[in-house]
1. How many residues are farther than 18 Å from GLY125 by Cα, in contact with a helix residue (DSSP H, G or I) (Cβ under 7 Å, 6 or more places away or on another chain) and of a type in the set (Gly, Ala, Ser) if we restrict to segment 198-229?
2. Do we find that ALA13 is among the hydrophobic types (A, V, I, L, M, F, W, C), under 23 Å from the mean Cα position of the chain (by Cα), assigned to a helix (DSSP H, G or I) and modelled with pLDDT of 95 or more in this structure?
3. Given the criterion outside any helix (DSSP H, G or I) and not β-branched (Val, Ile, Thr), identify the matching residue among ALA230, ALA204, ALA238.
4. Inspect all residues belonging to segment 249-256 and state whether any of them is hydrophobic (A, V, I, L, M, F, W, C), more than 16 Å from the ligand (Cβ to nearest atom) and exposed (fewer than 14 other Cβ atoms within 10 Å of the Cβ).
5. From the list ALA102, ALA47, which one is under 21 Å from LYS242 (Cβ atoms) and more than 10 Å from the ligand (Cβ to nearest atom)?
6. On the basis of being modelled with pLDDT of 95 or more, within 20 Å of ALA19 (Cβ to Cβ) and either touching a helix residue (DSSP H, G or I) at 6+ places or on another chain (Cβ under 6 Å) or in a loop (DSSP other than H, G, I, E, B) (or both), does VAL139 make the cut?
Amino acid sequence: MSQPPAAFLGLGAIGAPMAARLARGGPLTVWNRTAERAERFAREHGARRAATPREAAAGAEVVVTCLPTSREVEALLDGPEGLLAGLARGTLLLDCTSGDPATSRRIAARLAERGVSFADAPVSGGTNGAEAGTLTIMVGADESTFARARPILALLGSRIAHLGPVGAGHAVKAVNNALLAVNILAVGEGLAALVKAGVPARAALDVVNLSSGRSFVTETLVPERVLTGAWPRTFRLALLEKDVEIARDLLRETGVDGPVLGLTGELFRQARSALGESADHLEAIRLIESRAGTAIRG
Ligand code: NDP
């Protein structure tokens, strides 16, 4: 199947490599708030740059958004240069933002009035997975929208799960990332204590990774980023804090007590104010290190 004309809005850390894959498959128009980023992307990937969201949407059959939160996606809809002014009836909007279910349901309802279909399609797999096209994609949509979205999403990911109606993708993504956040803190605290007790971090991790405490954090993130001291910035801590808050809202809405996620949210809020908006999510472990007066290296 040839790729229909597409537009991509939001060329951030994960949006840019996702858009690059779409640019290889067919005609792509890009828009980014900071225009230089879109200009550079268009030059490097043979895409067309739109000056406004309206211009990006005009002529596209599929529009993909990847912004920090659902608030920014919703804000993009309005105004004479907004998305709604450019979206034609029959267009499909795929929101790959890790957003929140309630805002997405509102966006979907507004789009439906104009004959535009919507799916929330947040992703997991990091910037490496985005480059390789191996993301896991969590979709909330009705059946017919999912069927239309699937071939486009298959250009971006290798596991595409339809989880329920609009909002279901965001809900699962938020819980997934809340689990990541809990794990980062627990691994950081445990390893800091082991290092202070005289056990080399590498030796401790090797055993954990053959045992029941292993996780993506212990198997991949800490060995590649913390033990090496590399600390690359690929996923902002502020965005992970936002994901924990979405998960906490879900617990509140469903009447589930959440003391673990409550404390995790509070600790990530503290980390965000201590480390700033551009810190990477794993730098939460740096705070644990500095408070413990030790370094987890190996
Ligand atoms: P970045 O912070 O790197 O990029 C954010 C993008 O949103 C940029 O293009 C930025 O434009 C744009 N933007 C920010 N504010 C606005 C606004 N008010 N109006 C319009 N555009 C705006 O984020 P990521 O690319 O890392 O993340 C995007 C989404 O994907 C988030 O929801 C995140 O949680 C999720 N995600 C990220 C992963 C990662 O590994 N990075 C992994 C999985 C999900 P500008 O260039 O002008 O700043």
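1. Taking segment 198-229 first, the residues farther than 18 Å from GLY125 by Cα are 198-213, 226-229.
After this cut, where a residue has to be in contact with a helix residue (DSSP H, G or I) (Cβ under 7 Å, 6 or more places away or on another chain) as well, the list is 201, 204-205, 208-209, 226-227.
Narrowing further to those that are of a type in the set (Gly, Ala, Ser): 201, 204.
Within segment 198-229, residues that are farther than 18 Å from GLY125 by Cα, in contact with a helix residue (DSSP H, G or I) (Cβ under 7 Å, 6 or more places away or on another chain) and of a type in the set (Gly, Ala, Ser) number 2.
2. Details: among the hydrophobic types (A, V, I, L, M, F, W, C): yes; under 23 Å from the mean Cα position of the chain (by Cα): yes; assigned to a helix (DSSP H, G or I): no; modelled with pLDDT of 95 or more: yes.
Taking the combined requirement at face value, the residue does not satisfy it.
3. Numbers: ALA204 fails: outside any helix (DSSP H, G or I); ALA238 fails: outside any helix (DSSP H, G or I).
When all the criteria are applied, what remains is ALA230.
4. Residues of segment 249-256 that are hydrophobic (A, V, I, L, M, F, W, C), as a first pass: 250-251, 256.
Among the residues that remain, those that are also more than 16 Å from the ligand (Cβ to nearest atom) are: 251, 256.
Of the ones still in play, those that are also exposed (fewer than 14 other Cβ atoms within 10 Å of the Cβ) are 256.
The answer is yes; a qualifying residue exists.
5. On the way: ALA47 fails: under 21 Å from LYS242 (Cβ atoms).
Result of the check over ALA102, ALA47: ALA102.
6. Details: modelled with pLDDT of 95 or more: yes; within 20 Å of ALA19 (Cβ to Cβ): yes; either touching a helix residue (DSSP H, G or I) at 6+ places or on another chain (Cβ under 6 Å) or in a loop (DSSP other than H, G, I, E, B) (or both): yes.
Yes, satisfied.
Each row is one residue, and each column tells you yes or no for (1) crowded, with 22+ Cβ neighbours inside 10 Å; (2) more than 11 Å from LEU94 (Cβ to Cβ); (3) within 16 Å of the chain's Cα centre (by Cα).
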| residue | (1), (2), (3) |
| --- | --- |
| ILE107 | yes, yes, no |
| ARG110 | no, yes, no |
| PHE118 | yes, no, no |
| GLY126 | no, yes, yes |
| ARG150 | no, no, no |
| GLY164 | no, yes, no |
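Yes or no, residue by residue, for (1) crowded, with 20+ Cβ neighbours inside 10 Å; (2) away from the ligand (no atom under 15 Å from the Cβ); (3) assigned to a strand (DSSP E or B):
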residue: PRO4; (1), (2), (3): no, yes, no
residue: PHE8; (1), (2), (3): yes, no, yes
residue: ARG21; (1), (2), (3): no, no, no
residue: ARG33; (1), (2), (3): no, no, no
residue: PHE41; (1), (2), (3): yes, no, no
residue: ALA51; (1), (2), (3): no, no, no
residue: ALA60; (1), (2), (3): yes, yes, no
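The values are calculated or read from the model by the stated rules, or taken from the named source; none is laboratory data. These numbers come from a predicted model, not from an experiment. Neighbour counts are summed over all protein chains in view; Cβ atoms, including those assigned to glycine, are modelled from backbone coordinates with ideal geometry.
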